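Structure, as structure tokens:
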Amino acid sequence: MNKKDVKIILMSMRTQNNEERINKLLGKIDMLDEETLQKAIQKVGGTEEDVKVFFESKLKEQSTHQEEHTPINAMFSYGISDTCIHLHFPNDLHDMISQQGISRTIDLANLYLLDAIDRIKQLKSDGFYRFSDKDSIYMISHALIGSELEFLSKLDFKTRRYNSRELKSEDFLRNNPEANLAVQLFGNDKRIGTAKIDIDTIFSDEWQEKKQGIVQRLKDKGITLNNEKSEEKCL
């Protein structure tokens with residue numbers, strides 16, 4: 001059973017009520033390499049019926065707990081909003097900071113961010129249907145403050161900060177939709193940072209050269225990705 005067979009099984013289960021959940025699962029399958037896919041198939045039983053039963057359970061689970069984020073690597077996930085790919089910055093880094101320290105944690109988060117952007121670029125190049133009409137990558141988080149926004153600015157992201165005073169002002173929120181979204185996601189008692197970059201920018205040779213320089217400097221410091229795969233999380 002190959003990737004095409006698995007996707008046919010899933011598409012045969014599409015209804016008007018589960019179309020969005022089906023599309024999310026198709027997107028996750030598109031991101032799997034063949035080895036990981038085959039391990040996942042064997043884990044659920046190995047037959048077409050087993051795969052169908054597995055997908056039925058996932059669809060039931062998602063209908064109860066709507067998944068807003070789709071993992072793209074071990075640290076980042078993405079969502080879709082209008083013409084943007086909304087890349088979700090990991091907010092809970094406390095365990096990693098306690099184990100590895102602030103500086104190394106930030107470096108690792110930055111390396112995973114660049115890896116997530118590479119994956120988005122590759123999926124866009126491959127014609128991944130969920131990214132076909134998306135023209136930018138957008139991030140918003142109370143973790144995006146200080147040095148992180150400086151890092152993103154150097155990578156040609158357009159960045160902005162909102163303070164708690166602004167986020168508590170009804171007039172300000174009415175005139176700033178992004179700030180209003182920040183309040184909905186994180187409340188109005190935190191500083192919020194946002195960052196946005198055009199997808200065309202990350203395809204440019206100049207940007208790729210800049211990114212490779214940063215990746216190399218991080219690797220020189222001993223910061224590398226954990227490339228272990230989890231087929232259960234991917235499906």
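Readers should treat all values here as calculations from the given coordinates under stated rules, not as data from a laboratory. Keep in mind that what you see is a predicted model, and the values were worked out from it rather than measured.
Points to keep in mind about this one:
- Residue-span extension gain [residue 8 to residue 221] - 0.36 nm each, minus C-alpha spacing: 72.2 nm
- Note on the chain: the C-alpha convex hull projects to 14.5 nm² when averaged across all orientations.
- DSSP beta bridges confined to the stretch 70-234 are antiparallel in about 85 percent of cases.
- Spatial offset of the stretch 126-146 relative to the stretch 1-39 amounts to 22 Å, using the alpha carbon center of each.
- Entries in 134/154; 24/190; 4/124; 3/219; 60/121; 28/196 that, when Cα-Cα distance is taken, lie over 29 Å: 24/190; 3/219; 60/121
- Rg in Å to one decimal, and Dmax rounded to a whole Å, for the stretch 3-64 via C-alpha atoms: 11.1, 32
- Taking the square roots of 5 times each eigenvalue of the Cα gyration tensor of the stretch 103-165, largest first, gives ellipsoid semi-axes of 25, 16, 9 Å.
- Remark: the residue 170-residue 129 segment gains 11.0 nm on full extension, using 0.36 nm per residue and subtracting the alpha carbon distance.
- In the chain, helical runs assigned H by DSSP with n ≥ 4 each contribute -39500 (n - 2.57); averaged across all residues and rounded to the nearest 500, the mean residue ellipticity at 222 nm is -16500 deg cm²/dmol.
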